[in-house]
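Single-structure report; data block below.
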Ligand SMILES: Nc1ncnc2c1ncn2[C@@H]1O[C@H](COP(=O)(O)OP(=O)(O)OP(=O)(O)O)[C@@H](O)[C@H]1O
Ligand SMILES: [Mg+2]
């Protein structure tokens, strides 16, 4: 599979923030987008995900299907996932319920449910009929717990409100838990590495690596080469003033780390 941006432009009101960005992300590839503050990295990610604040020109193509006019929900259903730079809290919606419902929406059958969990479940919301096509509810919760364990997220977090009172690093790990659990085809991580301690950084890098192994195409937006020590991007793109001014292999990230962005302004 491939996700292509073709001459993408993004505007807020009449102000153009993204200028003619073209790139193709193939399944199993890691692309890193680097650039100074305010260069348009988050805007690029939002435009890709149809954030309503941004008007977009150009094309977004998933395989051979143009999805430029699709809503955020339609894009998510086609397998595009985005982790936010500043994840929002939704008190009252627990992590497990959010992920269960999202998983059903993305992978469940739309016809009547075929599989129903036979084990008694204490949470009344979980006892609603499960309609995910290929796995049972207990298999889903076991997988969720396994992913949480691998990311060193205590199981108690799963029944807390999503990001409600979570620390900065915990929120970032929660974004990764969502990506691993929801099994997207393409994942965009906007500064997933910001504010992480060294152990959490390795944990998040492990998450990205396991997505790559499953064939997920990954776009990481980052400021630092730090996370790229644990992951080798296939391509690095430098975004300055809303334009890709340079693309190259992993070595480009090292060059930016030592020389900064001045040469590209
Ligand atoms: N909704 C908006 N209204 C007005 N200006 C906006 C809006 N969204 C983005 N911008 C402007 O567009 C520019 C690019 O912002 P963006 O958040 O994409 O930068 P960034 O590269 O992600 O920066 P950072 O590294 O600090 O996260 C900034 O000057 C920002 O103020
Ligand atoms: Mg940003």
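Below is a table of values for the structure above.
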quantity	calculated
Residue count, the range 145-162 (criterion: surrounded by fewer than 21 Cβ atoms within 10 Å (Cβ to Cβ) and closer than 25 Å to residue 43 by Cβ)	0
Exclusive hit being crowded, with 16+ Cβ neighbours inside 10 Å, under 23 Å from residue 181 (Cα atoms), modelled with pLDDT of 95 or more and within 16 Å of ligand 2 (Cβ to nearest atom), set 45, 10	45
Selection status of residue 32, closer than 11 Å to residue 56 by Cα and either buried (at least 22 other Cβ atoms within 10 Å of the Cβ) or in contact with a helix residue (DSSP H, G or I) (Cβ under 7 Å, 6 or more places away or on another chain) (or both)	no
Verdict on residue 207 being touching a residue at least 12 places away in the same chain (Cβ under 8 Å), in contact with a strand residue (DSSP E or B) (Cβ under 7 Å, 6 or more places away or on another chain) and within 25 Å of residue 181 (Cβ to Cβ)	no
Check on residue 54, farther than 18 Å from residue 186 by Cα and within 13 Å of ligand 1 (Cβ to nearest atom)	yes
Test: residue in the range 68-75 that is more than 24 Å from residue 172 (Cβ to Cβ) and either surrounded by 19 or more Cβ atoms within 10 Å (Cβ to Cβ) or touching a strand residue (DSSP E or B) at 6+ places or on another chain (Cβ under 6 Å) (or both)	yes
Number of the condition not met by residue 215 [criteria: (1) touching a helix residue (DSSP H, G or I) at 6+ places or on another chain (Cβ under 7 Å); (2) farther than 14 Å from residue 35 by Cα]	(1)
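Residue by residue, here is whether (1) in contact with a helix residue (DSSP H, G or I) (Cβ under 6 Å, 6 or more places away or on another chain); (2) at pLDDT 90 or above holds:
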position: 105; (1), (2): no, yes
position: 112; (1), (2): no, no
position: 166; (1), (2): no, yes
position: 169; (1), (2): yes, yes
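The values are calculated or read from the model by the stated rules, or taken from the named source; none is laboratory data. Not measured: the values here are computed from a predicted model. Virtual Cβ from ideal backbone geometry, glycine too; neighbours counted across all protein chains shown.
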